[in-house]
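Written below as structure tokens is the structure these notes are about.
The values are calculated or read from the model by the stated rules, or taken from the named source; none is laboratory data. Owing to the predicted nature of the structure, the values given are computational and were not obtained by experimental measurement. Glycine also receives a Cβ, built like all others from the backbone with ideal geometry; neighbour counts cover every protein chain displayed. Note: areas computed on protein heavy atoms with side chains; ligands, DNA, RNA excluded. Shrake-Rupley method; radii C 1.70, N 1.55, O 1.52, S 1.80 Å.
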Amino acid sequence: MVRAIVGANWGDEGKGKITDMLGKESDIIVRFQGGSNAGHTIINQYGKFALHLLPSGVFYNHTTSIIGNGVALNIPYLVKELKSLTDGGVPVPKLLVSDRAQIMMPYHILFDQYEEERLGGKSFGSTKSGIAPFYSDKYAKIGFQVSELFEDEVLKEKTERVCEMKNILLEHMYHKPLLVPEELLHTLHEYRDMVAPYVCDTSAFLHDAIKAGKNILLEGQLGALKDPDFGIYPMVTSSSTLAAYGAVGAGIPPYEIKDIIVVVKAYSSAVGAGEFVSEIFGDEADELRRRGGDGGEFGATTGRPRRMGWFDAVATRYGCRMQGATEVALTVLDVLGYLKELPVCVGYEIDGKVTKDFPVTAKLRKAKPVYEVLPGWQTEIRGIKRYEELPENCRRYIEFIEKEIEVPITLVSNGPGRDEIIRRTEG
Ligand code: GDP
């Protein structure tokens with residue numbers, strides 16, 4: 001059975017924790033898009049880890065972790081991350097890397113930085129991990145596939161050709177040091193040796209696994225609102241964040257994805273620029289940021305303070321719809337226990353009209369939040385194991401959200417730890 005775990009919002013919904021938790025019942029966990037530009041925070045018996053590139057299944061002995069063809073593969077980063085695990089006492093994970101994944105080149109990272117510099121105040125707030133230049137090159141057909149690392153002649157010729165092109169931009173547009181093809185080739189030979197032990201046809205591996213009835217998890221990064229087609233374009237990421245893309249980025253048939261668990265955060269947070277209708281500011285935002293997540297809402301990759309806001313039912317219902325949610329995991333609910341009242345954004349007012357439909361970016365810019373205010377529960381809910389034991393106002397909040405987003409909330413996360421989860425069997 002194939003399941004996907006994806007985000008409904010702007011990312012950082014707590015997908016890592018849910019994947020780590022469901023990893024227990026999985027044989028294989030696959031990353032299918034994105035790169036090392038966003039982080040998952042996972043807390044388990046080995047300690048606290050921030051994973052950026054490895055799938056969240058790496059902590060289990062019985063799972064195979066796969067980096068699918070859709071991922072932007074930063075090879076030295078992968079090696080570094082593997083080392084951080086083994087240094088932390090985690091057993092060496094079983095890892096497979098798709099021979100069709102493309103390689104994050106050192107110049108992608110440089111171009112990302114140079115372009116942000118060039119744009120100055122108008123920048124995208126990129127994590128500068130090279131993601132946009134990487135996917136641009138992939139679709140411009142000048143990317144490097146992992147398989148090409150093992151073809152000496154092809155590699156040499158392509159390295160020279162690409163350097164020639166990149167150097168025109170470096171010289172005339174960015175006024176930065178030029179690429180030296182021999183040096184780049186040398187780096188690529190190092191990459192080849194680093195990645196060689198893991199490379200295989202992961203799509204064929206998954207085909208066999210599906211036939212053998214294995215449990216497979218597709219782990220998404222970021223959220224629906226960062227999708228290049230359906231998100232807040234252009235303040236989006238450069239690969240699709242939707243479960244549907246899991247089929248492409250892992251190389252499996254779309255109809256095999258039977259369950260789509262969409263992770264939804266009990267309040268809103270976002271990193272980087274872009275429209276954010278229910279955003280809050282000042283002391284109110286500072287307090288939520290300080291109390292949020294596990295030790296505050298700061299980006300796992302960049303350490304930047306996250307932008308904060310109230311729960312946005314308009315954006316989340318849309319996010320769930322675009323993901324094709326079959327069920328929802330509602331996370332970080334415990335954080336809200338300090339509030340007397342909880343505003344929920346239930347509509348957008350655009351040009352004097354209220355809508356519940358999430359619009360295109362130009363209209364989104366004009367949207368003002370319409371709130372419905374729910375009473376808070378003002379108590380600690382960590383440690384509670386059964387849904388019925390949650391305070392009444394807390395259940396009321398969950399059920400209100402469930403009605404608004406039109407998808408059953410089956411999991412409620414009330415703490416960052418692996419076991420801090422309430423499975424809801426009724427309601
Ligand atoms: P991801 O990218 O979607 O995996 O999200 P992150 O891991 O970047 O952000 C989620 C943060 O919230 C992490 O610091 C988690 O440890 C933390 N977290 C996840 N679930 C819960 C929860 O239910 N309660 C609290 N307090 N923190 C949580």
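The residue list Gly383, Tyr233, Tyr114 was ranked by how far each Cα lies along the charge dipole of the chain toward its positive end, using unit charges on Cβ atoms, and Gly383 comes out on top.
Where the alpha-carbon atoms of the range 200-330 are placed on the principal axes, they occupy 54, 27, 26 Å, in descending order.
Computed about the Cα centre, the dipole magnitude for the chain is approximately 500 debye when only Lys and Arg (+1) and Asp and Glu (-1) carry charge, each at its Cβ.
Label reach from Lys356 (point 7 Å along Cα→C-beta): in the range 386-413, amide nitrogens under 12 Å belong to 401-407. Modelled this way, with points 7 Å down the Cα-to-C-beta line, the labels at Leu169 and Val79 are 2.6 nm from one another. Springs between Cα atoms under 10 Å define the GNM used for the chain, and in it the highest mean-square fluctuation of Leu179, Leu333, Leu222 occurs at Leu179. Each peptide among 184-196, 7-19 gets the average number of other Cβ atoms lying within 10 Å of its residues, and from highest to lowest they stand as 7-19, 184-196. Using a Gaussian network model of the chain whose springs link C-alpha atoms within less than 10 Å, name the residue from Asp201, Asp20, Asp351 with the highest mean-square fluctuation. Largest GNM mean-square fluctuation: Asp351. Over the chain, the fraction of Cα-Cα pairs per 20 Å bin, rounded to whole percents and listed from the shortest bin up, is 27, 56, 17, 1.
Ratio of Rg to Rh for the range 46-104, alpha carbon only, Kirkwood?
On the way: Rg = 11.2 Å, Rh = 11.8 Å.
Taking Rg over the Kirkwood Rh, I get 0.95.
May I have the pair-distance distribution P(r) for the range 1-90, computed from all Cα-Cα distances with 5 Å bins from 0 and rounded to whole percent? Once binned at 5 Å, the Cα pair distances of the range 1-90 give 3, 14, 26, 29, 20, 8, 1. Each of Leu179, Leu169, Leu149 was scored by the projection of its Cα onto the charge dipole of the range 112-215, and the greatest displacement toward the positive side belongs to Leu169; charges sit on the C-beta of Lys, Arg, Asp and Glu. Inter-part distance, the range 357-427 to the range 64-85, computed on C-alpha centroids, equals 33 Å.
Within the range 104-173, which trypsin sites (Lys or Arg not before Pro) sit in a loop by DSSP and count at most 10 neighbouring Cβ atoms inside 10 Å?
Values: sites: Arg118, Lys122, Lys128, Lys138, Lys141, Lys156, Lys158, Arg161, Lys166; in loops: Lys128, Lys141.
Answer in residue order: Lys141.
Only the Cβ atoms of Lys and Arg (+1) and of Asp and Glu (-1) were treated as charged; on that basis the dipole of the range 115-218 about its Cα centre amounts to roughly 580 debye.
Determine the share of the chain's accessible area contributed by carbon and sulfur atoms, expressed in whole percent, with a 1.4 angstrom probe. Write out the running numbers ahead of the final one.
On the way: 9370 of 17820 Å².
Roughly 53 percent of what the probe reaches on the chain is carbon or sulfur.
The distance between label points at Glu380 and Lys214 comes to 4.2 nm (points 7 Å beyond Cα on the Cα→Cβ vector). Each of Gly7, Asn414, Pro133 was scored by the projection of its Cα onto the charge dipole of the chain, and the greatest displacement toward the positive side belongs to Asn414; charges sit on the C-beta of Lys, Arg, Asp and Glu. Near Gln145: Cβ cut-off under 14 Å, other residues only, Lys/Arg at +1 and Asp/Glu at -1. The net charge is 0.
Calculate for the chain the 222 nm mean residue ellipticity that helices alone would give, adding -39,500 (n - 2.57) per DSSP H run of length 4 or more and normalising by residue count, nearest 500 deg cm²/dmol. Don't jump to the answer; show the numbers that get you there.
On the way: 12 runs with 134 residues, N = 427.
So the calculated ellipticity at 222 nm is -9500 deg cm²/dmol.
Largest GNM mean-square fluctuation among Tyr46, Tyr397, Tyr348, using the chain with Cα springs under 10 Å: Tyr46. Per-residue extension of 0.36 nm, minus the Cα-Cα distance of Asn61 and Glu372, leaves a gain of 107.3 nm for this segment. Shown here are the Rg and Dmax of the Cα trace of the range 336-391, at 16.3, 45 Å.
Per residue, how much accessible surface does the chain expose to a 1.4 Å probe? Answer in Å², no decimals.
Working: 17820 Å² over 427 residues.
Roughly 42 Å² per residue, with all protein chains present.
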